[in-house]
1. What is the number of the single condition among (1) assigned to a strand (DSSP E or B); (2) at pLDDT below 95; (3) of a type in the set (S, T, N, Q) that residue A:162 does not meet?
2. So residue A:72 passes all but one of these: (1) buried (at least 18 other Cβ atoms within 10 Å of the Cβ); (2) away from chain B (no Cβ under 14 Å). Which condition number does it fail?
3. Taking the criterion of being touching a residue at least 24 places away in the same chain (Cβ under 8 Å), within 12 Å of chain A (Cβ to nearest Cβ) and surrounded by 13 or more Cβ atoms within 10 Å (Cβ to Cβ), would at least one residue in segment B:81-91 satisfy it?
4. Step by step: first the residues of segment A:294-335, then only those that are within 23 Å of residue A:22 (Cβ to Cβ) and polar (S, T, N, Q), then the one that is modelled with the lowest pLDDT. Which residue is that?
5. Can you pull out every residue in segment A:322-342 that is crowded, with 21+ Cβ neighbours inside 10 Å and among the hydrophobic types (A, V, I, L, M, F, W, C)?
6. Taking the options A:302, A:217, name whichever one is touching a Pro at 6+ places or on another chain (Cβ under 7 Å) and either outside any strand (DSSP E or B) or of a type in the set (D, E, K, R) (or both).
7. Based on what the data block shows, is residue A:79 touching an Asp or Glu at 6+ places or on another chain (Cβ under 6 Å) and polar (S, T, N, Q)?
8. Take the conditions over 26 Å from residue A:22 (Cβ atoms), within 12 Å of another protein chain (Cβ to nearest Cβ) and either assigned to a helix (DSSP H, G or I) or modelled with pLDDT of 95 or more (or both) and apply them to residue A:145. Does it pass?
Amino acid sequence: MPRPSVRPVVPPAHRVQLLVATRKGLWVLSSDIARRGWTLAGPHFLGHIVHHAVADPRDGRTWLAAARTGHLGPTVFRSMNRGRTWKEAKQPPAFRSGSGRAVDHTFWLTPAHASQPGVWYAGTSPQGLFRSDDGGATWGGVDGFNDHPRRAAWCGDDKAGTPDGGKLHSILVDPRDPAHLLIGLSSGGVFESTSAGADWRPINQGVRADFLPDPAPEFGHDPHCLRFAAGNPDRIYQQNHCGLYRLDRPGDTWTDIGAGMPKSVGDVGFPLVAHPSEPDTLWVFPMDGTDVWPRVSPGGRPAAYRSLDGGRSWRRQDTGFPARDAWWTVKRQAMTIDGRSPAGVYVGTTSGEVWGSRDEGRTWRGLARHLPEIYAVEVA
Amino acid sequence: MLQGMAKATIEAGALVRVRIPSPLRSYTDGADEVVVALPVLAPEHPPTLVAVLAALEQKHRGLRFRIIDEQGRVRPHIKLFVGLDLARDLDVYVPPDRDVMIVAALSGG
C-alpha cells in the first residue's frame, strides 16, 4: 500500500512567524510577505504558563515550549512540524535525585551549536543548567554547573532572592566553538565555560551591583539579558539591573554603555536585542528603575532605544507607540528581531500586546492585543 | 467501588482507584479516575502511596513528575488523600477499598 504523502515542513520563506509565550498559553503570529498583515493562531496549551518557546534554526521545523501548569510540575513540549502537533518531553529538566533541589520551571531555551543538531540547553528556576541531546525529548543536568562546588556561593540560597526565584537565562553558544558557553544568573552574574559546561568562572568585572554591600563584587550581580554582537562573538552586550554594558574580548572587564541614555529615561530595562548583521547596532526597551522599581515605561511613554555605535550613543524610537498613559512592561525574553532586511523588531508587553517595526524601530504598529501576560516573543 | 472484581484477583494483588483532577486528565485520556493493580506482599502490608504512584506512572507516563518533584516530595499546592485522610508523606499505606485522590489547589490567576 503506498505510503501517504507527507506535507513537507519548511519554514516560511517570505513571511515572519512569532512565537508568543504567555501566562495562559502559546500563540503564533504570522505575517504576510510584506510584514504588514498579521494573523494570530492559537492558543496551544491553553491555561498553561509558557515561559519560553523557541524554534530550532538548524532544522527549520522543531519548536520547543517550556511550560508549567498551575500548581503542577514543569515540563517541555516539543513539535517536529512547526506547531502542528506536540508531544511532551519524556524526561523534563530535573535536578539530580538526592541534591535536595527541585526545578520550579524551565525559564530559558537555547538551541546548541550548529554542529550539534538536536542538542539544546535549558536554564531553570531555581538556577540550573540542563542539556538535551535528542531534540528536547529527554534532559540531563549539566553537572559542571549544577554540582559545581561554588554554585551555592555564586547563586545564593534557592529560597532566597526574588519571590519568583532566581533564573538561569541568556544561554549563549559561541558560533565558533560549541564548548564555549556563557550564561546569565539573575542571582549571580555572568559566567563563562570553555569546556562545554564542565567548569565555569564569573566574568563580572566592571559591572555594578549597587544593591550589594560591595558594589563591585566578583559575583552576585543581576544580569537581565545577554546577546552576542552580530557576526562577532568576541563582543557581548548586557542589560543589567544596574545598567548597560559591553564586553570586548579578549578583555574580561565590561564597559558601561548606559551613560549615553537620557537621565530622564535611565539605563535599566529587561530585554536587549542585537541586529542580525550589524555588530554595532542594538536595541533596549527601558523601564522605570527609580525608588520602588515600578518596571514600567518611564513616564508612561514607551520607547525603544537604538544604538548604532556599540552603545556610545542612543536614539529614541517611539513613532507609533502611545504617546502617554501606556505603562508597559516588556520582559527580558519579550523583545526579538527577525533576520530580514530591513530588520523587523518586535516587543510583547505584560498587558498582552505585541508591537512590531518593519524598519528597524523607526516606526511601530500594534500587531496583536488582548492576549494574556506575555512572557516571551521569539522569531520562529 | 471495587465489588464485583474476581475474588482471586483481589487476593493476588490490590486494585486501587486513583481519582484524577482535571489538570492531569491529559495523561489519562480524559479519565477522571483510573484503577491500578499492585502486588500485595501480605494482608497486613497493603501497598504504600509510593507503590500506587509508581503503578500510576507505569500506566500514565509523565503524570508523577507533575505532582511529585525529583526529590520525591509532593509538590507545593498538591495534596494526596487516602480515603478521607490527608497523606503527610508517601510511605503511608493504602488500605483495601480506600481510594487515592490527587487534589490540586484551587488557587490561580
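The values are calculated or read from the model by the stated rules, or taken from the named source; none is laboratory data. As the structure is a computational prediction, the values presented were derived from the model and not from experiment. Glycine also receives a Cβ, built like all others from the backbone with ideal geometry; neighbour counts cover every protein chain displayed.
1. Single failed check for residue A:162: (1).
2. The number of the failed condition is (2).
3. Looking through segment B:81-91, none of the residues is touching a residue at least 24 places away in the same chain (Cβ under 8 Å), within 12 Å of chain A (Cβ to nearest Cβ) and surrounded by 13 or more Cβ atoms within 10 Å (Cβ to Cβ).
4. A:297
5. A:328, A:330, A:334, A:335, A:337 - these are the residues of segment A:322-342 that are crowded, with 21+ Cβ neighbours inside 10 Å and among the hydrophobic types (A, V, I, L, M, F, W, C).
6. A:302
7. no
8. So residue A:145 fails the test.
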